[in-house]
């Protein structure tokens, strides 16, 4: 088990990178119709445009591990807001109101605020965060 604990900073990096890429994908759908067009025809309302900007910028920063804690704080807040504005009014249960992804993003990003970026991050290159081991 000690071996697995020693890998936790790298596993955290993988969680951060994959979550950031999936979050970024939501922004690229809104603005670039990639990998698929956003399922709302016509121009985006202002709130969805703001969400798309947050998804593009925070998704990129989280993926790169740059300003990770700040980007995760903003992304977590956006996902909490999205859940309560868009999903919760449709019903109590996330599986019914289709809010599982918003909740999962919210809590993964919330965790990153406290855990940091993991060992593979640009935050370490610019000295914004340091790698912590499980023994500290």
Original post:
Of (1) surrounded by 16 or more Cβ atoms within 10 Å (Cβ to Cβ); (2) at pLDDT 95 or above; (3) more than 10 Å from the chain's Cα centre (by Cα); (4) not in a loop (DSSP other than H, G, I, E, B), residue 123 satisfies all except one. Which?
Top reply: (2)
Subject >> Verdict on residue 19 being buried (at least 20 other Cβ atoms within 10 Å of the Cβ), modelled with pLDDT of 95 or more and either touching a strand residue (DSSP E or B) at 6+ places or on another chain (Cβ under 8 Å) or within 24 Å of residue 128 (Cα to Cα) (or both) >> reply: yes
**OP:** For segment 77-102, enumerate the residues that are in contact with a helix residue (DSSP H, G or I) (Cβ under 6 Å, 6 or more places away or on another chain) and assigned to a helix (DSSP H, G or I).
**Re:** 78, 79, 80, 82, 83, 87, 90, 94, 97, 100, 102
**OP:** Run down 61, 12 and say which single residue is touching a residue at least 12 places away in the same chain (Cβ under 8 Å) and under 10 Å from the mean Cα position of the chain (by Cα).
**Re:** 61
**OP:** Looking at (1) modelled with pLDDT under 95; (2) under 19 Å from residue 20 (Cβ atoms); (3) assigned to a helix (DSSP H, G or I), find the lone condition where residue 105 falls short.
**Re:** (1)
Original post:
Just checking, which of 115, 101, 50, 72 is surrounded by fewer than 15 Cβ atoms within 10 Å (Cβ to Cβ) and either within 18 Å of residue 10 (Cβ to Cβ) or within 16 Å of the chain's Cα centre (by Cα) (or both)?
Top reply: 50
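The values are calculated or read from the model by the stated rules, or taken from the named source; none is laboratory data. It should be emphasised that the depicted structure is a prediction, and the values quoted were computed from it without experimental measurement. A quick note on method: Cβ atoms are made from the backbone with ideal geometry, for glycine too, and the neighbour counts reach across all protein chains shown.
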